[in-house]
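Colleague: Dropping the structure in here first, questions after.
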Amino acid sequence: MCLVCDAENAAHRASRRGFFKSLGGAGAGFALLGGFTPSAFAKAEKAPPKPQNVVSPQGALDRLMAGNARYVEGVAKRHDFRHEREPLTKGQNPYAGILSCADSRIAPEYAFDSGRGDLFVCRVAGNFANDDVVASLEYAVAVLNTPLIMVLGHEACGAVDATINSLKDNTTLPGHLPSLVASLTPAVRASEHEPGDALANAIRQNVVFNVEKLKNAAPILKDQADQGKLRVVGATYKLAEGHVELVA
């Protein structure tokens, strides 16, 4: 998704232009983070393209889990993609942001039986929140009013497994893969002495770590979470059943 193109076409054009102006004028100091004020994200009073997506954080979570239940049972809704295209040319107001692994077996839009404009999805192998992911989710929350973020791990994650093996064998993976190892190492190290399956433990710990990272990502996400306007939760996806299980 192109955030710049989306912003230029959004219903809340004035407020989004201000958002990107603050980004563009930040320079090396990144003024958005240094001088954040609520007024920088003032919203125009216009009807959202999908009014049904204006929900509370708990309402958003309930909707996600209800969609996953339909997906598991194989009774997905019939989505009217054709007639929703025109409203979505005016903007977007997704009800949830999902940080998911890039694994081809994990498709959040399917797993939660959602339509276009419902989910703001960021995907990277190992579902960890680097600076670009945090910035993308800040955009979703501050500009698009997204009330919920879910960090979605999954069974048999290859990125986490590769990190475990790299650390155990003291080997360096080729290409840019060491950057994934570096990002996933804290979760592997924190869980390596837990009883049970090492991979499952590390996958869960990685979800927990990234939920905490996003909840405390100041100033934008932390501020919204502290005010109760944003909820950040973790979950894991079961490959065989398609079931999404919340992580406490």
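The values are calculated or read from the model by the stated rules, or taken from the named source; none is laboratory data. On a predicted model such as this, the values are computed, not experimentally measured, just so you know. Ideal geometry is used to build each Cβ from the backbone, glycine not excepted, and the neighbour counts take in all protein chains shown.
Colleague: Among the residues of segment 84-99, are any among the hydroxyl-bearing types (Ser, Thr, Tyr), surrounded by 18 or more Cβ atoms within 10 Å (Cβ to Cβ) and free of Cβ contacts under 8 Å to residues at least 60 places away in the same chain?
Modeller: Scanning segment 84-99, I find at least one residue that is among the hydroxyl-bearing types (Ser, Thr, Tyr), surrounded by 18 or more Cβ atoms within 10 Å (Cβ to Cβ) and free of Cβ contacts under 8 Å to residues at least 60 places away in the same chain, so the answer is yes.
Colleague: For segment 88-100, state whether one or more residues are more than 14 Å from the chain's Cα centre (by Cα), at positive phi and either in a loop (DSSP other than H, G, I, E, B) or modelled with pLDDT under 95 (or both).
Modeller: yes
Colleague: With respect to the numbered conditions (1) out of contact with any Ser or Thr (no Cβ under 6 Å at 6 or more places or on another chain); (2) crowded, with 20+ Cβ neighbours inside 10 Å; (3) on the phi > 0 side of the Ramachandran plot, which one is the sole condition not fulfilled by Leu137?
Modeller: Tallying (1) out of contact with any Ser or Thr (no Cβ under 6 Å at 6 or more places or on another chain); (2) crowded, with 20+ Cβ neighbours inside 10 Å; (3) on the phi > 0 side of the Ramachandran plot, Leu137 fails exactly one: (3).
Colleague: Go through segment 221-243 and count every residue that is more than 18 Å from His154 (Cα to Cα), surrounded by fewer than 21 Cβ atoms within 10 Å (Cβ to Cβ) and among the hydrophobic types (A, V, I, L, M, F, W, C).
Modeller: 1
Colleague: Here's a follow-up. Which condition does Ala140 not pass, out of (1) small (Gly, Ala, Ser); (2) assigned to a helix (DSSP H, G or I); (3) modelled with pLDDT under 95, if it passes all the others?
Modeller: Here Ala140 clears every test but (3).
Colleague: Of these, Leu167, Leu184, which one is aliphatic (A, V, I, L, M), within 25 Å of Lys238 (Cα to Cα) and touching a residue at least 12 places away in the same chain (Cβ under 8 Å)?
Modeller: That would be Leu184, the only listed residue that is aliphatic (A, V, I, L, M), within 25 Å of Lys238 (Cα to Cα) and touching a residue at least 12 places away in the same chain (Cβ under 8 Å).
Colleague: Let me ask something else. Please verify whether segment 178-201 includes one or more residues that are within 17 Å of Met150 (Cα to Cα) and either out of contact with any Phe, Trp or Tyr (no Cβ under 8 Å at 6 or more places or on another chain) or part of a loop (DSSP other than H, G, I, E, B) (or both).
Modeller: No, the conditions are met nowhere in segment 178-201.
Colleague: From the list Glu245, Glu212, exactly one residue is without any contact (Cβ under 8 Å) to a residue 60 or more places away in the chain and outside any helix (DSSP H, G or I). Which is it?
Modeller: Within the list Glu245, Glu212, the selection yields Glu245.
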